[in-house]
């Protein structure tokens with residue numbers, strides 16, 4: 001079962017497509033996430049590319065484009081994490097080939113058989129673009145102007161995590177990794193294996209490795225649009241290699257032509273350690289792309305990291321009500 005069918009099976013059958021600008025309207029994202037959680041709908045967040053000035057022509061602009069994508073994704077995932085941390089949602093980026101037409105097709109394919117509940121919501125996009133409030137529309141009038149930005153991409157990208165219950169923080173990490181993987185590139189997904197979890201508290205509450213690995217890979221596959229770039233790229237043309245993190249040196253430290261590593265902000269030291277190991281082996285250091293924490297509270301980074309969304313917190317809440 002892929003991420004799309006799994007999400008549909010876990011929802012009430014309806015699908016909500018929210019078109020967001022950059023920067024996104026946080027309040028609308030929060031309200032939409034809460035509504036989708038309540039009505040058991042899958043949420044597709046379609047990002048409108050508000051900067052279509054052209055191709056990145058130098059290293060600085062390419063790095064700035066990556067930073068813009070990461071920040072926009074962080075904003076949306078953080079808003080969702082606070083109101084619906086395990087909501088089935090998929091970010092749809094123009095950098096991964098998505099536009100309004102393809103998003104509508106994806107929404108219809110996600111809807112349960114017999115369900116006609118597919119909402120196309122341009123409220124946030126219209127608010128950003130025109131400075132006015134718009135009503136939710138089933139037939140949006142928004143221009144279909146999304147276009148892929150040729151930001152810096154990497155041929156071999158690595159990302160790792162436990163990916164238990166695939167919450168909003170995991171989806172942020174995996175989406176950034178997918179977005180920076182180049183056409184016909186390879187994305188390596190390391191999933192914490194059973195060996196590294198042997199001494200972890202409440203290990204029995206963590207999903208089995210096989211489930212976590214399949215969920216992470218299927219979610220990543222759902223991020224790329226079919227027929228991306230006029231059929232020159234499909235989700236199958238990007239290779240995805242998923243394997244366990246088992247205590248041996250990770251592939252990021254040993255594959256000679258690995259080019260980038262996506263990490264969470266609080267594990268950036270681990271990324272630095274990988275680069276140190278690569279230098280020791282006379283390998284080129286990786287570009288490190290760090291994403292922030294989501295769902296945390298407080299003004300300082302330390303406060304936010306202490307209260308960030310985590311699988312442990314979600315497991316501790318299993319006896320209560322999780323949105």
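Read-outs: derived from the displayed coordinates by stated rules, not from any lab. Fair warning: this is a prediction, and the values are worked out from it, not measured in the lab. Neighbour counts are summed over all protein chains in view; Cβ atoms, including those assigned to glycine, are modelled from backbone coordinates with ideal geometry.
Between residue 210 and residue 196, how many nm apart are label points set 7 Å from Cα along the C-beta direction?
About 2.1 nm separates the two model spin labels.
Run the simple label-point estimate for residue 281 and residue 26 please: 7 Å along Cα→C-beta, distance reported in nm.
Between residue 281 and residue 26, the simple spin-label model gives 4.1 nm.
If packing is taken as the average number of other Cβ atoms within 10 Å across a peptide's residues, how do 217-224, 32-39, 206-213 rank, most packed first?
217-224, 32-39, 206-213
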